[in-house]
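Student: Below is the structure I would like to discuss, written out as structure tokens.
The values are calculated or read from the model by the stated rules, or taken from the named source; none is laboratory data. Here the structure is a predicted model, which is why all the values come from computation and not from measurement. Neighbour counts are summed over all protein chains in view; Cβ atoms, including those assigned to glycine, are modelled from backbone coordinates with ideal geometry.
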Amino acid sequence: MRRALFLIALLAGAGAVLADSNLPPAPYADVQLPDPHKEAEAKALMETLRCLVCQGQSIADSNAEMAGDMRSLVRERIAKGEAPEAIRAYLVRRYGDWVSYTPPLDGSTAFLWAAPALLLLVGGVFAGGSIRRRRR
Amino acid sequence: MNRQATLFWLPLAIFIGLATSFLLRLHRPESSNIESRLIGATVPDFALPAATAGVQGLSSADLKGQGPHLVNFFASWCVPCVSEAPVLKRMAADGIPIVGIAIRDRPEAVATFLGRFGNPYQRIGSDQQARIQIDFGSSGVPETFVVDGKGVIRLQIIGPIGSQHMPDIRAALAAK
């Protein structure tokens, strides 16, 4: 029992160790928009924006404070009627394509987009050759 | 026969090639710093209230037409900010104009921080929802931007500022 209390006390102190502010989250960080259609739009966008501090997660999934601030930014802008792609463009302008989970088609990503078709083609050629040889 | 032998060893060769490149990447991981894309762009428009009693707030107008500035994003709850405080103090003493933006901070916490580690700032704006931080393309604290006299962002330093950054900062401050 005493040990459990000690552990709880330790956990209670852990907040100070994490580098987070003591301010409450931004208004729409964890609050849905009243309009379900707009909320769905915001949610879809948040799932394709990358968190800046916890770099493997989307801002929809992350508990980081910065992700909360970005969720609130997305919801507030959607509520004002801004298009999701305009909000993405605003963030990409500041952080680069890095912040978006939908990579654009350009010189550095061309191979990425072409790879499935290329691999299918190469596989098809190999398979075709092998089938023809076996038939003979 | 020769062609078949090549085909036989090809998968192994590809595997070894891939494994080597993965191993090399593991030993030299990509930098996790996300640099702002706004270097060379004018500072975004903003007007922030004073972060605590006795200091002036900060707006984008303060950064235009009044000589170059260092814009330092910091927070009282940010541990590395403590380590850069003496460096900023020395720079302010050397006559480099520094303004601060306190991220997600309370006035009394900012006052305590300044009381303990000194106040190198000419002005300190309070950015309670990191909105202006996002507007600058900054992703954490501490970060420092050099803004020239026309209000154009010239340099970004991610993480605590140190003497190793001084040549870059001086060059950016002197740039016309």
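Student: Could you give every pair whose Cβ atoms fall below 6 Å, whose first residue belongs to the range B:149-171 and is surrounded by 15 or more Cβ atoms within 10 Å (Cβ to Cβ), and whose second residue is basic (Lys, Arg), counting only separations of at least 6 or pairs across chains?
Tutor: Within 6 Å, the pairs are B:Gly151/B:Lys64.
Student: Among the residues of the range B:97-112, is any more than 14 Å from every other protein chain (Cβ to nearest Cβ) and touching a residue at least 60 places away in the same chain (Cβ under 8 Å)?
Tutor: no
Student: So which residues in the range B:57-76 are touching a Phe, Trp or Tyr at 6+ places or on another chain (Cβ under 9 Å) and not small (Gly, Ala, Ser)? Please lay out each step first, then the result.
Tutor: Initial filter on the range B:57-76 (touching a Phe, Trp or Tyr at 6+ places or on another chain (Cβ under 9 Å)): B:58-60, B:69-76.
B:Leu58, B:His69, B:Leu70, B:Val71, B:Asn72, B:Phe73, B:Phe74 - these are the residues of the range B:57-76 that are touching a Phe, Trp or Tyr at 6+ places or on another chain (Cβ under 9 Å) and not small (Gly, Ala, Ser).
Student: Hey, another quick one. Can you tell me how many residues in the range A:47-63 are touching a residue at least 40 places away in the same chain (Cβ under 8 Å) and within 11 Å of chain B (Cβ to nearest Cβ)? Let's see the steps before the verdict.
Tutor: First, pick out the residues of the range A:47-63 that are touching a residue at least 40 places away in the same chain (Cβ under 8 Å): A:47-50, A:52, A:58.
Add one more test, that the residue is within 11 Å of chain B (Cβ to nearest Cβ), and what stays is A:50, A:52.
Residues flagged as touching a residue at least 40 places away in the same chain (Cβ under 8 Å) and within 11 Å of chain B (Cβ to nearest Cβ) within the range A:47-63 amount to 2.
Student: Still on this structure, please answer the following. Quick one: in the range A:90-113, of everything that is in contact (Cβ under 8 Å) with a residue 40 or more places away in the chain and either within 14 Å of chain B (Cβ to nearest Cβ) or among the β-branched types (Val, Ile, Thr) (or both), which residue is surrounded by the fewest Cβ atoms within 10 Å (Cβ to Cβ)?
Tutor: A:Thr102
Student: Can you name every residue in the range A:76-89 that is within 10 Å of A:Leu45 (Cα to Cα) and within 12 Å of chain B (Cβ to nearest Cβ)?
Tutor: A:Ile87
Student: Has the range B:101-119 got at least one residue that is in contact with a Pro (Cβ under 8 Å, 6 or more places away or on another chain) and β-branched (Val, Ile, Thr)? Let's see the steps before the verdict.
Tutor: First pass over the range B:101-119, keeping only residues in contact with a Pro (Cβ under 8 Å, 6 or more places away or on another chain): B:117-118.
Next, only the ones that are β-branched (Val, Ile, Thr) stay: none.
No, the range B:101-119 has no match at all.
Student: Failed condition for B:Gly95, given (1) at pLDDT 95 or above; (2) over 20 Å from the mean Cα position of the chain (by Cα), with all others met?
Tutor: (1)
Student: Considering only residues that are of a type outside the set (A, V, I, L, M) and more than 17 Å from A:Ala79 (Cα to Cα), which ones fall in the range A:16-46?
Tutor: A:Asp20, A:Ser21, A:Asn22, A:Pro24, A:Pro25, listed by residue number.
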